[in-house]
Amino acid sequence: MLLSELKTLYKLEWRQFSRSQGQWLFPVMLFILVIVLFTVGIDPEAHRLQQMAPAVIWCAFLLSLLLALDHMWRDDYQNGVLEQMLLHSESPLQLLLHRVVVRWVLSIVPLLLCLPLAISMLQMPMTIFMPSLLALAAGSFVFWSLGSALSALTLNDRRPALMSLLLLPMAVPIVIFGSRVIKQSAMGESVSGLVLMLVGLSILSLSITPWIMFAGMRLNLD
Amino acid sequence: MYSLEAKNLSKWRDHYCVFTDVSFSLNSGESLWIRGDNGAGKTSLIRILAGLSKANDGELLWNNESFLADNSSYQGALHYLSHQQTLIPHLTVLESIQLLFPMLGAKAASDISLSLNDVGLAGFEQHKVQNLSAGQKQRLSLLRLLLRNKPLWILDEPQSHLDREGQAWLFDTIERHISNKGMVIIISHAKDLPLTHVKSLDL
């Protein structure tokens, strides 16, 4: 893919994002609301919140991403833009890959900006911020790329919850490793191994999922 | 000079036969008008020709060589406009030309005002696509054809939503393309097409 083509794609994605009438705010609001509901619903003793905080942060984060994933391909599929992009692109796999990356960045940055707020609401020490940020970024990319592939495979399926129901079980290892990062960093232990594991998983998903997306789209376009 | 030949194409969906044994040949400077009732398989055929779908049987030859869906020389030679308008509602007309069209096989326009003048959209640069009429959206969509010179145009009901003046402009543009040794495959429900050198294929 040429650099000029890439620049055009990134500009196009940014323009769509900035014109989305605040759609990007919905995942952010869901993330904050889930955290708020947990904090008001649980006994306000600090240690209870702290015990549950890692799982709460991860579940809220991944559920919020599900909202953003809903728009990954569907709008462009329905208005015919997606098939024309695939038809006329000289490197459709790269096109899909870059689109997944740029949409992931645009979706997680607002969520990650809310992370300090979530940490303080759950009465966790601010020392967990950086390890949590790295783990959420790497883990969410695995989740995002798997979700993008499943979205591509289910483009023609009209059952709205199907993609979510298929995707959430795949999130189990991400939540296990990701929650451990937050738990261990709160106790002052080293988490570099766990973070590297998540980074490795995200690289693996990056190398496999574009093929699945492309195949899924071709199947749905036929 | 280019040539496209279809030999005994057939398409099934589940156990239902959409069409069978469709054959035609097309050379530079010719156009093919695909006709048929609703559900006759016109769009299915045109999507096979565009490389978006696969025939269950038969063969396609581009310049006498067998065509596969990933044949880059064939893909690089065609412009396919579907019956959808292929536009993003939130973008302006100008952004569509500068950002969307280059991703859809057209070049960025060197002279945008001239291009917009061609399709009768001069002065609409900053209008959002969602605020254009259906006919104006169709004109904008058709502008892609003019922004990169590709020999084979595959058009699915291109005159829909266009007024009389727009249709005259469209067929004039197609005619010019054919006279410049281009090829056009067109689906149309019109009773007659104002084109010379047009072959017809009934499904």
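Compute the FRET efficiency between B:MET1 and B:ASP192 as 1/(1 + (r/R0)^6), taking r as their Cβ-Cβ distance and R0 = 30 Å, and round to the nearest 0.05. Here the calculated transfer efficiency is 0.60.
Estimated from helical segments only, the mean residue ellipticity of chain A at 222 nm is -26000 deg cm²/dmol, where each DSSP H run of four or more residues counts as -39500 (n - 2.57). Accessible surface calculations at 1.4 Å, restricted to protein heavy atoms, place the protein assembly as shown at 46 Å² per residue.
For region B:134-203, taking the reciprocal of the average inverse distance between every pair of different Cα atoms yields a Kirkwood hydrodynamic radius of 12.6 Å. Compute the separation of the alpha-carbon centres of region A:157-221 and region A:84-124 and state it in Å as a whole number. So the separation of the two Cα centres works out to 13 Å. Within chain B, antiparallel bridges make up roughly 45 percent of the DSSP beta bridges whose residues both belong there. As a quick test, which of the pairs B:LYS54/B:LYS137; B:LYS11/B:LYS150; B:LYS7/B:LYS150; B:LYS7/B:LYS199; B:LYS150/B:LYS181 have an alpha carbon distance above 19 angstrom in this structure? Too far apart for the 19 Å limit: B:LYS54/B:LYS137; B:LYS11/B:LYS150; B:LYS7/B:LYS150. Restricting the calculation to alpha carbons of region B:32-89 gives Rg and Dmax of 12.9, 41 angstrom.
Here is the list for region B:1-97: trypsin sites (Lys or Arg not before Pro) lying in DSSP coil, each with at most 16 other C-beta atoms within 10 angstrom of its C-beta, are B:LYS54.
Using a probe of 1.4 angstrom, how much of the accessible area of region B:3-202 is carbon and sulfur, in percent? Carbon plus sulfur share of accessible area: 45 percent.
Take the Cβ atoms of B:ASN117 and B:ASN8, set R0 to 60 Å, and the FRET efficiency comes out at 0.85. From the largest down, region B:1-105 spans 44, 34, 24 angstrom on the principal axes of its Cα atoms. Within region A:57-92, name every residue whose backbone N is under 18 Å away from a label modeled 7 Å from Cα of A:ILE176 along the Cβ vector. Under cut-off, by backbone N: A:58-59. Under the criterion of Cα pairs below 8 Å and six or more residues apart, the relative contact order for chain B equals 30 percent.
The spread of Cα positions in chain A, taken along each principal axis and listed from longest to shortest, comes to 57, 33, 30 Å. Extending 7 Å from the Cα toward the beta-carbon at both A:THR127 and B:GLN126 defines two label points whose distance is 5.5 nm. Look at the dipole of the protein assembly as shown built from charges on Cβ: of B:SER133, B:TRP12, A:ILE208, the Cα furthest out on the positive end belongs to A:ILE208.
Distance between Cα centroids, region A:1-39 to region B:148-203: provide it in whole Å. Answer, in whole Å: 40. Modelled this way, with points 7 Å down the Cα-to-C-beta line, the labels at A:ILE203 and B:ARG148 are 3.4 nm from one another. In percent, rounded to a whole number, the relative contact order of chain A is 26, using alpha-carbon pairs under 8 Å and six or more apart.
For region B:35-85, the dipole from Cβ point charges (+1 on Lys and Arg, -1 on Asp and Glu) about the Cα centre works out to 220 debye, to the nearest 20. Scanning chain A for GluC sites (Glu not before Pro) that sit in a DSSP loop and have at most 15 other Cβ atoms within 10 Å, the longest stretch containing none of them is A:91-188.
Normalised size of region B:52-156, defined as Cα radius of gyration per 2.2 N^0.38 Å with N residues, equals 1.22. Here, P(r) means the percent of Cα pairs in each 10 Å bin from 0 to the largest distance; for chain B it is 8, 35, 35, 19, 3, 0.
If R0 equals 56 Å, the separation of the Cβ atoms of B:ASP57 and A:ARG48 corresponds to a calculated FRET efficiency of about 0.25.
Where both bridge residues fall in the protein assembly as shown, DSSP classifies roughly 45% of the beta bridges as antiparallel. Both the radius of gyration and Dmax for the protein assembly as shown are 25.5, 84 Å, in that order, over alpha-carbon atoms. Using bins of 10 Å that start at zero, the share of Cα-Cα pairs per bin across region A:113-185 amounts to 18, 39, 27, 14, 2, in whole %.
Where in region B:135-182 are there trypsin sites (Lys or Arg not before Pro) that are in a DSSP coil and have at most 13 other Cβ atoms within 10 angstrom of their Cβ?
Within region B:135-182, the qualifying trypsin sites (Lys or Arg not before Pro) (loop, at most 13 other Cβ atoms within 10 Å) are B:LYS181.
The values are calculated or read from the model by the stated rules, or taken from the named source; none is laboratory data. On a predicted model such as this, the values are computed, not experimentally measured, just so you know. Cβ coordinates were reconstructed from backbone atoms using ideal geometry, including for glycine residues, and neighbour counts include every protein chain displayed. All accessible areas refer to the heavy atoms of the entire protein, side chains included, with ligands and DNA or RNA removed. Shrake-Rupley method; radii C 1.70, N 1.55, O 1.52, S 1.80 Å.
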